[in-house]
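Inspection log for the structure reproduced underneath, given as structure tokens.
The values are calculated or read from the model by the stated rules, or taken from the named source; none is laboratory data. Just so it is clear, the structure is predicted and the values come from calculations on it, not from any experiment. Neighbour counts are summed over all protein chains in view; Cβ atoms, including those assigned to glycine, are modelled from backbone coordinates with ideal geometry. Remember, those area values only see protein heavy atoms, side chains included, never the ligands or the DNA or RNA. Shrake-Rupley method; radii C 1.70, N 1.55, O 1.52, S 1.80 Å.
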Amino acid sequence: MRRLCLGFGSFLNHMQLRAYQQRAIDELYAWFKANAQGNPCLVLPTGSGKSHIIAALCKDAVQSFPETRILMLTHVKELIVQNAEKMREHWRDAPLGVYSAGLNTRCLYEQITFAGIQSVRNKAAQIGFIDLCIIDEAHTVSHHDAGGYRKLINDLTSINPALRVIGLTASPYRLGHGYITDKPALFDALIEPVSIEELVRDGYLAPLRSKHTSLVLSTAGVHKRGGEFIAAELQSAVNKKMLNEEVVRETIARAEDRKAWLFFCSGVDHAENICAILQDNGISAACVTGDTPIAERDKILSDFKSGKIRAITNMNVLSTGFDYPDIDLIAMLRPTMSAGLYVQMTGRGMRPKSHTDHCLILDFAGVVQQHGPITAVQPQKRKGSGDGEAPVKVCDACNELCHISAKVCPACDTPFPVPPPRKYELHGDDIMGIEGTDLIVTAWNWRKHVSHTSGRNLLAVSYYGGLSDMPITEYFPVGYPGYAGDKAINNVLAIAQKGGLFDGGLNVCTIDEMAHNLNQARAPAIIEYKKDGKYNRVIRREWA
């Protein structure tokens, strides 16, 4: 049995990688060095260049260990093409094969194979011995031991028990399950080498700007299944002639001279109706759905990119695998409970553009309010076991404890007051959540903090400014298991190094020892912070 020993960048210095792309690979290698088993997932924002990182990984592994065999999987043919093109850019003579029924190419016998999961899910025997499996759009892998990815990986692992899997995704969570590392899951750790804020700051991504829309589509009466709105009910609720006409009217009024509009709709009929109304209003528009023939879809997308078509409406087609940097307006007409879908849809507008410095988001669907700024998205929590206490409220008339959903007290028949509707208000750059308040730091203090809610120990730091400035405190759950703890310790180590404390043993210290050591480090000169609920979130630190 052959075990893959990943190299440590011996060939990567020749790649034209951006600093954060090289950092992603370095952090990935460091994780493998520290973990003899397990599968990590790289979390990289849409537009950060995952294809280049995949190419660099493949080249380094094969050139460092010539017998290495790699399988790169994804579920969208456009991503197969994109990843293969970047592989050739990095290594023109790469031993690369592509297996995809959608691309009408079937090659399984090269050292590096890029494949569509739908085409190879039952072909482990033909694929044979694989050392490394790379999965793009890794959030599509089931938490449970089911589905095409899990079946193929199980079959490949029976051939090579030492198989390692690397995931890549911009949205590391699944609807109803939380993070893709929450057990049971294929992935064991998330590695986040770069943030959206950093990519926007350095000009690698364009910011989004969101505007409060006069019309907000209502989901009242729409039921959910599996944590998401039932598709047929959702489309019935939002696909109404009057609403569609108002959406188009407001979009045209706000678009001004924007050149490339993308509409995310709630169903096929909805997408077709919005397209027809756009055309009736003199806007060159086309509709793309899962039923659109491939040749026709390719022609529509080509005309969109060339400017012949100004607007495209779509249903569940262009949220992944479609990249056109000059998209400068996205109309969100699809309410969703999925944080991952929200991130994927808005990510279509974040690539740097040739004619403007941002993309406008018109959020008719209320998804920004639902999920928050894209720099601080919190996935829906995994459902509990059902063993906890039921939520209750108290009747003011008789003090009866009632279920939280009760509209009338069952003891005295007193109706509960109708809760006010959630106020929807969106303005400025709220969708980015980047702009904050600067604090000139004069001192800092690290200490152990005991959580009032959980009773667990945290590492805390307070930043102090002038006499009139309120101190800003942030908390790091360094002792927590899983993703939260790993992310916290990585953040603390980065802060320590920038402060001149190069003690790699911080991650094995007690919290009291960490606090003592960090108090010896140099505080940042400036921090930028933003209100996040009742706490402050530090979004930037600068050292003099």
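Observations on the structure shown:
- Remark: segment 273-283, residue by residue, has Karplus-estimated 3J(HN,Hα) of 5, 4, 4, 5, 5, 4, 5, 4, 9, x, 9 Hz, where x stands for each Gly or Pro and the curve is 6.51 cos²θ - 1.76 cosθ + 1.60 at θ = phi - 60°.
- Semi-axis lengths, largest first, of the ellipsoid equivalent to the chain are 36, 35, 25 Å, with √(5λ) applied to each eigenvalue of the Cα gyration tensor.
- Centroid-to-centroid separation of segment 97-126 and segment 470-544 [C-alpha atoms, Å]: 45 Å
- Heavy-atom accessible area with a 1.4 Å probe sorts 123, 498, largest first, into 498, 123.
- Among beta bridges that DSSP assigns inside the chain, antiparallel share in %, nearest 5: 45 percent
- Solvent accessible area, Å² - residue 367, 1.4 Å probe, full protein context: 0 Å²
- Accessible area expressed per residue, segment 272-319, with surrounding protein chains retained (probe 1.4 Å, Å²): 48 Å²
- Report summary: the helix-based calculation at 222 nm, which adds -39500 (n - 2.57) for every DSSP H run with n ≥ 4 and divides by the residues of the chain, gives -9000 deg cm²/dmol.
- Share of carbon and sulfur in the accessible heavy-atom surface of segment 57-192 [1.4 Å probe, %]: 49 percent
- Prolate/oblate/rounded label for segment 291-369 (Cα gyration tensor, a/c 1.5): oblate
- Taking all protein chains together and rolling a 1.4 Å probe, residue 357 ends up with roughly 90 Å² accessible.
- Legend: residues 492, 268, sorted from most to least accessible area (1.4 Å probe; ligands, DNA and RNA excluded), read 268, 492.
- Prolate/oblate/rounded label for segment 103-191 (Cα gyration tensor, a/c 1.5): prolate
- Backbone HN-Hα couplings from phi across segment 535-544 [Karplus 6.51/-1.76/1.60, Hz, Gly and Pro as x]: 10, 9, 10, 7, 10, 7, 10, 10, 9, 5
- Gyration tensor (alpha-carbon) shape descriptor, segment 23-161, a/c threshold 1.5: rounded
- Solvent-accessible area of residue 511, all protein chains in place: 30 Å² (probe radius 1.4 Å, heavy atoms, ligands and nucleic acids excluded).
- In this structure the amide hydrogen of residue 329, modeled in the peptide plane, comes within under 5 Å of the amide hydrogens of 260, 262, 360, none closer than 5 places in sequence on its chain.
- Largest-first ordering by accessible area, 1.4 Å probe, given options 165, 200: 200, 165
- Solvent-accessible heavy-atom area per residue, rounded to whole Å², over segment 93-174 at 1.4 Å: 35 Å²
- Charges were assigned to the Cβ only: +1 to each Lys and Arg, -1 to each Asp and Glu. The resulting dipole of the chain about its Cα centre is roughly 640 debye.
- Counting only lysines at least 8 places from residue 59 when in the same chain, those with an alpha carbon closer than 28 Å to its own are 33, 50, 77, 86, 123, 151.
- Kirkwood hydrodynamic radius of segment 187-326, Cα pairs, Å: 17.1 Å
- Leading residue at positive end of dipole, the chain (Cβ point charges), from 325, 535, 161: 161
- Karplus-derived HN-Hα couplings along segment 122-128 (A = 6.51, B = -1.76, C = 1.60, θ = phi - 60°), whole Hz, x at Gly and Pro: 10, 10, 4, 4, 6, 5, x
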